[in-house]
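Q: Shown below is the structure under consideration.
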Amino acid sequence: TLNNHPSGRHFLQIPGPTNVPDRVLRAIDQPTIDHRGPVFGALGLAVLEGVREVFQTRGPVVIFPSSGTGAWEAALVNTLSPGDRVLMVETGHFASLWRKLAGRLGLEVDFLEGDWRHPVDAAAIGARLADDAERRIKAVCVVHNETSTGVTSDVTAVRRAIDGAGHPALLMVDTISSLGSVDYRHDEWGVDVTVAGSQKGLMLPPGLAFNAVSEKALAAADTARLPRSYWDWREMLTANERGYFPYTPSTNLLYGLHEALAMLREEGLPQVFARHLRHARATRLAVAAWGLELLSLDPAAHSPALTAVVMPAGHGADAFRKTVLERFDMSLGQGLGKLADRVFRIGHLGHFNDLTLCGTLAGVEMGLAAAGVPHRPGGVRAAMDFLEG
Ligand code: PLP
């Protein structure tokens, strides 16, 4: 019989928003306080300081009440001027959306095309920058972890390519689905603006967006001429000095951020990153045992945060996902853009452990059988053998 009345916990295994830990939910569940009062100032200072650890930066991190898209826009409008050229790379759906946003702002986008199955080609970036003798390109923008494909790019290689060309362009990186899950170092890797959101590795509900900002990016903000008001870093940074914001912040999400930062600190970032790598590896072993195909083609670039699986020819991913939701009360990620109905995505990031993974993979394996999708059984067993080892 169909499980029409689900009991127990819903499995939210999309690659974000992710499952919010009970500790974080309880932290959010407090009376909303005066955001100009003394208690708030202490909370503001604590989260503005604490969040730097996750970005691995000593510089400022701006926090907006916004989805991640706002942080994309903020990165561009604070640093660039109408008609400026930016170099972007087509890693997948999210890189394509960032490109569309840049175009709407009046920027000229050089888009390095890709097949949505590979990471950023740093050599191609280097070549394009070397050709730019007049230094018209003002920024290079890449997505660290492409959530639509499950492919992670090497940001250090991009930095080396920019330096190798001796080019002054700013480096902007979208870490919306990697921050807090995949090793990322804003300062050490020489990134100028890091874009992030609350609803993935930070284990919070959607609603906070972040820009980590280098000194070079701050200097660019002094001369940038794109219109900006809500997104302006400068008023933010002035108010942030005492823990406040220039407009009403997301008070209760900031309580949650304070708790999520404590959880990441208790586990330790190296352990958090190792945990994600391990669960991603176990997931790929399950996919291989099922005899299904990974969307990601470069083994060095498989994402630690999610895995995108290609459906066998003649079988739609959306019908399969519908079966999994109806029978097992689990949400899997849909195929986005040109991957619609062709792939499903397993999120294994955030608040997640060995048994969450086993439950997730069991739901996929039972769903494949229930939906009549050709596969071999034994994926869960393959993952368990690896986890036991
Ligand atoms: N960039 C990446 C890599 C994402 O995964 C997402 C959302 O999933 C976004 C940008 C857009 O963020 P939001 O939907 O929070 O506006």
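Q: Describe numerically, in nm with one decimal, the distance between label points set 7 Å from Cα along Cα→Cβ at Glu235 and at Ile33.
A: Modelled inter-label distance: 2.4 nm.
Q: Looking at the P(r) of the stretch 279-333, how many percent of alpha-carbon pairs lie beyond 17 Å?
A: For the stretch 279-333, the fraction of Cα-Cα distances above 17 Å is 43 percent.
Q: Kindly state, to the nearest 0.05, the FRET efficiency for Glu215 paired with Ala133, given R0 = 30 Å and r defined as their beta-carbon distance.
A: Efficiency at R0 = 30 Å is approximately 0.70.
Q: Rounded to the nearest 0.05, what FRET efficiency do Tyr247 and His315 give with R0 = 51 Å and r taken as the Cβ-Cβ distance? Could you check?
A: Given R0 = 51 Å and the Cβ-Cβ separation, E is 0.60.
Q: A follow-up question, please. If the viscosity is 1.002 mPa s and the temperature 20 °C, what Stokes-Einstein diffusion coefficient in µm²/s follows for the stretch 49-89 when Rh is the Kirkwood radius over Cα pairs?
A: Roughly 174 µm²/s, to the nearest whole number.
Q: Using amide H atoms built 1.01 Å from N in the peptide plane, name the residues 5+ places from Gly378, or on other chains, whose amide H lies under 5 Å from its own.
A: Hits under the 5 Å cutoff: none.
Q: Can you give the FRET efficiency for Cys358 and Arg225, using 1/(1 + (r/R0)^6), R0 = 35 Å, r = Cβ-Cβ distance, to the nearest 0.05?
A: 0.05
Q: Name the shape class, rounded, prolate or oblate, that the alpha-carbon gyration tensor gives for the stretch 157-307, where a ≥ b ≥ c are the square roots of its eigenvalues, rounded holds for a/c under 1.5, and otherwise prolate holds if a/b is larger than b/c and oblate otherwise.
A: In terms of gyration-tensor shape, oblate.
Q: Against the globular-protein guess of 2.2 N^0.38 Å, express the Cα radius of gyration of the stretch 1-93 as a ratio, rounded to two decimals.
A: 1.59
Q: I would also like to ask the following. Quick check: pseudo-label points 7 Å beyond the Cα along Cα→Cβ at Thr69 and Glu326, how many nm apart are they?
A: For the pair Thr69/Glu326, the computed spacing is 3.1 nm.
Q: Could I ask something else about it? About its Cα centre, what dipole magnitude does the stretch 1-144 give when the only charges are +1 on Lys and Arg Cβ and -1 on Asp and Glu Cβ, stated in debye to the nearest 20?
A: Magnitude of the dipole: close to 300 debye.
Q: Could you tell me what percent of the DSSP beta bridges with both partners in the stretch 33-172 are antiparallel, to the nearest 5?
A: The answer is about 15 percent antiparallel.
Q: Something else: Can you work out ³J(HN,Hα) from phi for every residue in the stretch 299-313, in order, using Karplus 6.51 cos²θ - 1.76 cosθ + 1.60 and θ = phi - 60°, giving whole Hz and x for Gly and Pro?
A: x, 6, 10, 4, 6, x, 9, 8, 10, 9, 10, 7, 6, x, 3
Q: Okay, next question. Using DSSP to define loop residues, name the GluC sites (Glu not before Pro) in the stretch 82-155 whose beta-carbon has at most 12 other beta-carbon atoms within 10 Å.
A: Glu113, Glu134
Q: Now, a different point. For Cα pairs less than 8 Å apart in space and 6+ apart in sequence, what is the mean separation divided by the residue count of the chain, i.e. the relative contact order in percent?
A: Dividing the mean separation by the residue count of the chain yields 24 percent.
Q: A further question follows. Please identify every one of the chymotrypsin sites (Phe, Trp or Tyr not before Pro) in the stretch 240-307 that sits in a loop by DSSP and has no more than 14 other beta carbons within 10 Å of its own beta carbon.
A: Here the chymotrypsin sites (Phe, Trp or Tyr not before Pro) that fit, given the DSSP loop and packing criteria, are Tyr247.
Q: Additional query: Regarding the stretch 250-345, what whole-number volume in Å³ per residue does the convex hull of its Cα atoms give?
A: Normalising the Cα hull of the stretch 250-345 by residue number yields 154 Å³.
Q: If you average 1/r over every pair of different alpha-carbon atoms in the stretch 65-123 and take one over that average, what Kirkwood value in Å do you get?
A: 12.1 Å
Q: In whole Hz, what ³J(HN,Hα) sequence does the stretch 208-216 give by Karplus (6.51, -1.76, 1.60; θ = phi - 60°), x for Gly and Pro?
A: 10, 10, 10, 10, 8, 10, 7, 4, 5
Q: Related question: Measuring from the lowest to the highest alpha carbon on each principal axis, how far does the stretch 298-389 reach, largest first, in angstroms?
A: For the stretch 298-389, the Cα spread along each principal axis is 36, 29, 24 Å.
Q: If you don't mind, another one. With a/c under 1.5 counting as rounded, go ahead and sort the chain into rounded, prolate or oblate using the C-alpha gyration tensor (a ≥ b ≥ c being the square roots of the eigenvalues; past the cut-off, prolate if a/b is larger than b/c, else oblate).
A: Judged from the Cα gyration tensor, the chain comes out oblate (a/c at least 1.5, b/c at or above a/b).
Q: If you average 1/r over all unlike Cα pairs in the stretch 343-389 and invert the result, what Kirkwood radius do you get in angstrom?
A: Hydrodynamic radius (Kirkwood, Cα pairs) of the stretch 343-389 is 11.5 Å.
Q: Decide, for the stretch 1-156, between rounded, prolate and oblate: order the square roots of the alpha carbon gyration tensor eigenvalues as a ≥ b ≥ c, take rounded if a/c falls under 1.5, and otherwise choose prolate if a/b is larger than b/c, else oblate.
A: Note, shape of the stretch 1-156 comes out oblate.
Q: Per q in 0.09, 0.15, 0.16 1/Å, what log10 I(q)/I(0) does a Debye calculation on the alpha-carbon atoms of the stretch 142-244 return?
A: -0.26, -0.72, -0.81
Q: Do any trypsin sites (Lys or Arg not before Pro) in the stretch 1-97 lie in a loop, going by DSSP, with at most 12 other beta-carbon atoms within 10 Å of their beta carbon, and if so which?
A: Answer in residue order: Arg9, Arg36, Arg58.
Q: Assuming 0.890 mPa s and 25 °C, estimate D for the stretch 77-157 with Stokes-Einstein, Rh taken as the Kirkwood radius over Cα pairs, in µm²/s.
A: 190 µm²/s
No lab work stands behind these numbers, since they all come straight from the coordinates. Computed from a predicted structure; not experimentally measured. Glycine gets a Cβ as well: all are built from the backbone with ideal geometry, and neighbour counts include every protein chain shown.
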